[in-house]
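Q: This is the structure I have questions about; it appears just below.
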Amino acid sequence: MLKKLVLIATTALALAGGIGAGTASAAPVAVLGGGSGVLVADSTGKGKFDCTLTTIGNDAAGRLVGITAGHCGVPGDLIGAEYLPDAGAVGRIVSSVPGLDYAVIEFDRGRVAPTNRVGNVTITGVGAPATFPGIMCKEGRTTGNTCGITYGELFQNDRTYTQICVQQGDSGGPVVAGTTLVGMVNAYLGIPCIGPEVGTNIQTVLDDINRGGGVGTGFTVTG
């Protein structure tokens, strides 16, 4: 029997002093992409979580948009770059869907430089997850780049199960097959880096965003 699903976010530290600090003209520009660590704070700047950005790109309206795990925050929460807290708030969560466990971030284009490569992961497009016994990899702010065998959609619930090592803070990390983004990290079962990783399929996320018609509609990854 599958053990209890464990969501993987962790409390952010030293966030209140970084999020919202400085002015737009003085703050440095943060380079962010799928696999970047992000700090999440409420509207007062109080830290909530450290998570990982799934991807960044543009929507059909020309907005700079990112995606992460839904349990990382709620609409109105502020987003900062973990590696560059002095940049302050560089974006804001505009929607969060608990059922599929994803959140949409609108970034300030003047404060963020998007990249398609973070660590050992490069994202050039989106696609369907690999099937058993394929290999998929992820980039997370806690455990970095790890790979593992794919078990597939065991329960036909738009989630793919893999043997990728994930721990707290990897939530939202991009799951890729080669350079194709296929999902995000949402949870692990039982013991971190031993129990299977559970991730929502990215095409399911994008389809749901498009049905909503708001920020993120028509999303394309940064090339």
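Q: Could you tell me what percent of the accessible area of the chain is made up of carbon and sulfur, with a 1.4 Å probe and every protein chain present? Mind showing how you got there, number by number?
A: Numbers: 5030 of 8910 Å².
Carbon with sulfur: 56 percent of the solvent-accessible area.
Q: Between region 124-142 and region 170-206, how many Å separate their Cα centres?
A: Centre-to-centre (Cα) distance: 7 Å.
Q: Can you work out the accessible area per residue across region 157-223, with the rest of the protein chains kept in place, probe 1.4 Å, in square angstrom? Walk me through the numbers on the way to the answer.
A: Working: 2090 Å² over 67 residues.
Ligands and nucleic acids excluded, the figure is 31 Å² per residue.
Q: Could I ask something else about it? Using a 1.4 angstrom probe, figure out how much accessible area region 24-141 has per residue, in square angstrom, rounded to the nearest whole.
A: On the way: 4370 Å² over 118 residues.
Ligands and nucleic acids excluded, the result is 37 Å² per residue.
Q: Something else: Using 1/(1 + (r/R0)^6) with R0 = 35 angstrom and r between the beta carbons of Ile149 and Ser43, what's the FRET efficiency to the nearest 0.05? All intermediate terms of the calculation are to be shown ahead of the outcome.
A: On the way: r = 42 Å, r/R0 = 1.19.
After rounding to 0.05, the efficiency reads 0.25.
Q: Tell me which of Thr124, Leu100, Ala187 sits at the most positive position along the dipole axis of region 94-221, charges placed on C-beta atoms (Lys, Arg +1; Asp, Glu -1).
A: The Cα lying farthest towards the positive end belongs to Thr124.
Q: Could I ask something else about it? If you build the convex hull over the alpha carbons only and average its shadow over all orientations, what do you get for region 156-217? Give it in nm² to one decimal. List each step's numbers first, then the result.
A: On the way: hull surface 19.5 nm².
Over every viewing direction, the Cα hull of region 156-217 projects on average to 4.9 nm².
Q: May I pose another question? Work out the length of the dipole vector of region 34-99 about its Cα centre, built from +1 on the beta-carbon of each Lys and Arg and -1 on the beta-carbon of each Asp and Glu, and round it to the nearest 20 debye.
A: Working: 4 positive and 6 negative charges, 27 e Å.
Result for region 34-99 is approximately 120 debye, rounded to the nearest 20.
Q: Rounded to the nearest 500, what is the 222 nm mean residue ellipticity of the chain from helices alone, with -39500 (n - 2.57) per DSSP H run of 4+ residues and division by all residues? Before the final figure, lay out the partial values.
A: Working: 1 runs with 11 residues, N = 223.
Rounded to the nearest 500, it is -1500 deg cm²/dmol.
Q: Further question on the same structure: Using the crude model of +1 on Lys and Arg Cβ and -1 on Asp and Glu Cβ, and no other charge, please compute the dipole size for the chain relative to its Cα centre, in debye to 20. Mind showing how you got there, number by number?
A: On the way: 13 positive and 16 negative charges, 22 e Å.
The dipole magnitude comes to about 100 debye.
Q: Nearest 10 degrees is fine. How inclined is helix 202-212 to the longest principal axis of the chain, computing both from alpha carbons?
A: The angle comes out at about 50 degrees.
Q: Assuming R0 = 22 Å, can you tell me the calculated FRET efficiency for the pair Leu189 and Gln156, based on Cβ-Cβ distance, to the nearest 0.05? Each step should come with its number before you reach the end.
A: Numbers: r = 17 Å, r/R0 = 0.78.
With R0 = 22 Å, the Cβ-Cβ based efficiency is 0.80.
Q: Calculate the all-directions average of the projected area of the chain's alpha-carbon convex hull, and give it in nm².
A: Details: hull surface 42.9 nm².
The Cα convex hull of the chain, projected and averaged over all directions, gives 10.7 nm².
Q: Apply the Karplus curve 6.51 cos²θ - 1.76 cosθ + 1.60, θ = phi - 60°, to the phi angles in region 147-157 and return the couplings in whole Hz, x for Gly and Pro.
A: These are the phi-based 3J(HN,Hα) values: 10, x, 5, 9, 8, x, 7, 5, 10, 6, 10 Hz.
Q: Any idea how far apart Thr115 and Ile135 come out in nm if each label point goes 7 Å out from Cα toward Cβ?
A: With each label point 7 Å from Cα toward Cβ, the separation is 2.4 nm.
The values are calculated or read from the model by the stated rules, or taken from the named source; none is laboratory data. Computed from a predicted structure; not experimentally measured. Cβ atoms come from the backbone with ideal geometry, glycine included; neighbour counts cover every protein chain shown. The protein model used for the area step is the full one, side chains on, heavy atoms only, and it has no ligands, DNA or RNA in it. Shrake-Rupley method; radii C 1.70, N 1.55, O 1.52, S 1.80 Å.
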